[in-house]
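In what follows, a single structure is set out as structure tokens and then discussed.
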Amino acid sequence: VQAKIDFELPLTYTGNPSLDKAVMADLLEADIPLIVREVVEYRQLISSSSVAKFRTMLERADPEDHRVRGSFIAAGAPTSGRFSARGLQLHNYPRDCNDDPEAVRSEFIEGRKVDNVLPTLAGMLRPSLIGDQLVWGDWSGIEARALPWLVMDPRADAVLDIFRECDDDPSAPDVYQRQAATFGGSRQEGKVAVLSLGYGGGVGAFQAMARGYGVIIEDYKADQIKKAWRRSNPWATSFWNNLHMAAVKAIKNPGEWFQVGRVAYCFDSDVMGGTLYCALPSGRLITYPKTECKLKANQYGEQEEITSLKASRKPKADANYWPRFNLWPGLLAENVTQATCADLLRDTMVVCEDEGLVVVGHVHDEIIIEGKETDQLALQQIMEQGPSWSEGLPLVAETKYGNRYNK
């Protein structure tokens, strides 16, 4: 790979050749010979963690019943309370799966030639999780629904109405199509905009998600899409700023609660040198320890900047201090939205267990149970009903059944 990069790069590429992941991604966007592009693409695939997960499955499976245990960490993401994972890392499995995993498995076992080996293996990760009878369901666009639901603004309610309309009539233009219409783009571009720009992100956030959806677009157009999204969703920018203002007010007025939509902030100056709390619709609290608020100059003049300790389940071994991070408006919106979705998942799994459905796995918006085909309807009904605190949040879930976990 290095030889190809050193000797065959055209003059249009001015980057620093190396095997670093970011450099490889930048290289693929340059005007390079086809053979170099092919080598780099395979280098990226080989270095991905997807293929290594098969060995992890074998190493972590119990030799007696072949089950993997201990892979989920409750509240592993400290600022949202979402589950994280270790070992099997089910949260990181690609969603795209092979259409016929049994046929693909037979090809490998029989030693037949398999085209696109590494992508094919990545598409076999989810289907490698098997059971006698599995049922799984996932919520549709849960974060895109939860964010406007938290706002409690008529302008945001209009977005929720679009989701409700499409839930009742799948043939109706969905929120992604309507968003794309605001800037004359495709539905896929509209989907990337909705999913990437809701937390104050800009061109970088849009492009990062676009790559995951196979959307290639110039930075100038991504910037135009960002501006169009913000113009058509003024409730979002208001919500980000109102969250930040409420947090600032809470810090300056310890002991008082400041409401924004369905969440509220309060500051306790006596806990850990000052702790900012955010109360969620479920009643759970997000905790920001050792919070500070200071005036700081930036391109917009002097503004209040909130910082807090950045907690980590596994701090760096050589660290001699706790790092701090900036609680900027978009991050506060992301925290409350993802935390709300985490509570929805957690409380729904409790209901599943209470109703006799055995939960064996989960991702951020998916629940996997071990049951029978007739449990599909029960799982769907539980997921779409939601806990009592989620009243008004439109929920729709799709469930599937099979002996192999699939998309």
Report task. Return the Cα extents of region 115-181 along principal axes one, two and three, sorted largest first, each rounded to a whole Å. Result -> 48, 30, 24
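Roll a 1.4 Å probe over the protein chains and send me the accessible area per residue for the chain in Å². Intermediate results must be reported in sequence, preceding the final value.
On the way: 21660 Å² over 407 residues.
Here the per-residue accessible area is 53 Å².
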Report task. Evaluate the distance, in nm, between pseudo-label points positioned 7 Å from the Cα of T237 and of S106 along their respective Cα→Cβ axes. Result -> 5.8
Query - Long pairs among K191/K310; K252/K310; K53/K400; K372/K407; K53/K113; K53/K227, criterion Cα-Cα beyond 28 Å - result: K191/K310; K53/K227
Requested in this report: Kindly write out, for region 111-119 in residue order, the coupling ³J(HN,Hα) from the Karplus curve 6.51 cos²θ - 1.76 cosθ + 1.60 (θ = phi - 60°), rounded to whole Hz, with x marking Gly and Pro.
Outcome: x, 7, 5, 10, 6, 6, 4, 5, x
**Report entry** For region 399-407, 3J(HN,Hα) per residue [Karplus equation, 6.51 cos²θ - 1.76 cosθ + 1.60, θ = phi - 60°, Hz, x = Gly/Pro]
**Finding:** 10, 9, 9, x, 8, 10, 5, 9, 6
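Report the extension gain between A74 and E59 in nm, rounded to one decimal, defined as 0.36 nm multiplied by the number of residues separating them, less their alpha carbon distance.
3.2 nm
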Query raised in the report: Got a number for the accessible area of I162? Probe 1.4 Å, square angstrom, nearest 10.
Result: 30
**Report entry** Two-site label geometry, S186 and V359: point separation in nm, points 7 Å out along Cα→Cβ
**Finding:** 3.7
Report summary line: For the chain, the Cα gyration tensor yields equivalent-ellipsoid semi-axes (√(5λ), largest first, whole Å) of 36, 30, 24
Query raised in the report: Accessible area, 1.4 Å probe, largest first: how do S80, S388 sort?
Result: S388, S80
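Hey, with R₀ at 35 Å, roughly what FRET efficiency would W322 and K372 work out to, going by the Cβ-Cβ distance, to 0.05? Please report the intermediate quantities before stating the final value.
On the way: r = 49 Å, r/R0 = 1.39.
Result of the calculation: an efficiency of 0.10.
Once you have the alpha carbon radius of gyration of region 304-394, what is it after dividing by 2.2 N^0.38 Å, with N set to its residue count? Walk me through the numbers before you get to the answer.
Working: Rg = 18.3 Å, N = 91, 2.2 N^0.38 = 12.2 Å.
In units of the globular-protein estimate, region 304-394 measures up at 1.50.
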Query - region 247-267 and region 69-117: distance between their alpha carbon centers, rounded to Å - result: 41
Requested in this report: Take the Cα atoms of region 249-382, build their convex hull, and give its volume per residue in Å³.
Outcome: 167
Report summary line: Expressed as a percent, the accessible surface of the chain that is carbon or sulfur, using a 1.4 Å probe and the full set of protein chains, is 51
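Using R₀ = 60 Å, calculate the FRET efficiency as 1/(1 + (r/R₀)^6) where r is the Cβ-Cβ separation of S388 and Y42; round to 0.05. The partial results should precede the final answer.
Values: r = 52 Å, r/R0 = 0.86.
With a Förster radius of 60 Å, E is 0.70.
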**Report entry** Gained length - R164 relative to I35, 0.36 nm times residue gap less alpha-carbon distance
**Finding:** 41.5 nm
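The values are calculated or read from the model by the stated rules, or taken from the named source; none is laboratory data. On a predicted model such as this, the values are computed, not experimentally measured, just so you know. As a convention, Cβ positions derive from the backbone with ideal geometry for all residues, glycine included, and neighbour counts pool all protein chains shown. Accessible surface areas use protein heavy atoms only, side chains included; no ligands, DNA or RNA. Shrake-Rupley method; radii C 1.70, N 1.55, O 1.52, S 1.80 Å.
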